[in-house]
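To start, the structure itself, in structure tokens.
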Amino acid sequence: MVELSDELERIRAAGDAQRRGYEFQEFIAMLFRREHFRVEVDPGTARPRQTDLLATRGGEVFLIEAKWRADKANIDDIDALFTRLEATPPSVV
């Protein structure tokens with residue numbers, strides 16, 4: 001099994017930002033699957049907004065936006081996530 005830190009370093013080394021973002025999204029999905037979540041990519045849960053992942057296990061439901069950027073998350077990122085959450089059932093975290 002690949003060490004998580006090794007996988008993150010491999011992703012970090014990806015030269016193309018779009019590819020790095022996609023691979024980071026897949027890494028996050030893999031972490032949830034390891035914990036026995038069912039993971040949907042681009043699930044359409046928060047339409048009309050695009051969402052990266054939806055992870056479910058029993059009654060637990062997580063809406064996931066995966067970002068790999070040099071700068072820190074800002075208020076616009078948080079607002080965009082809350083906008084997506086408003087379009088989902090109340091049980092989604």
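The values are calculated or read from the model by the stated rules, or taken from the named source; none is laboratory data. None of the values given here were measured: they were computed from a predicted structure. Positions of Cβ are generated from backbone atoms using ideal geometry, with glycine treated the same way; all protein chains shown enter the neighbour counts. Accessible surface areas use protein heavy atoms only, side chains included; no ligands, DNA or RNA. Shrake-Rupley method; radii C 1.70, N 1.55, O 1.52, S 1.80 Å.
Measure off 7 Å from each Cα along the Cα-to-Cβ vector at Asp6 and Asp71, then give the distance between these two points in nanometres to one decimal.
3.6
If ligands, DNA and RNA are left out, what is the accessible area of Ile75 with a 1.4 Å probe, given in Å² to the nearest 10?
Only protein atoms counted, so the area is about 130 Å².
Can you give the FRET efficiency for Phe62 and Ala13, using 1/(1 + (r/R0)^6), R0 = 25 Å, r = Cβ-Cβ distance, to the nearest 0.05?
That pair, Phe62 with Ala13, gives E of 0.35.
Within the accessible area of the chain, what % is carbon and sulfur when the probe is 1.4 Å and the other protein chains stay in place?
55
Find the accessible area per residue for region 23-93; the probe is 1.4 Å, ligands and nucleic acids are left out, and the unit is Å².
That works out to 64 Å² per residue.
With runs of 4+ DSSP H residues as the only contributors, calculate the mean residue ellipticity of the chain at 222 nm using -39,500 (n - 2.57) per run, divided by the residue total and rounded to the nearest 500.
Per the formula, -13500 deg cm²/dmol.
Rounded to whole Å and ordered largest first, report the semi-axes of the equivalent ellipsoid of the chain derived from its Cα gyration tensor (root of 5λ).
Each semi-axis is √(5λ); the values are 23, 18, 10 Å.
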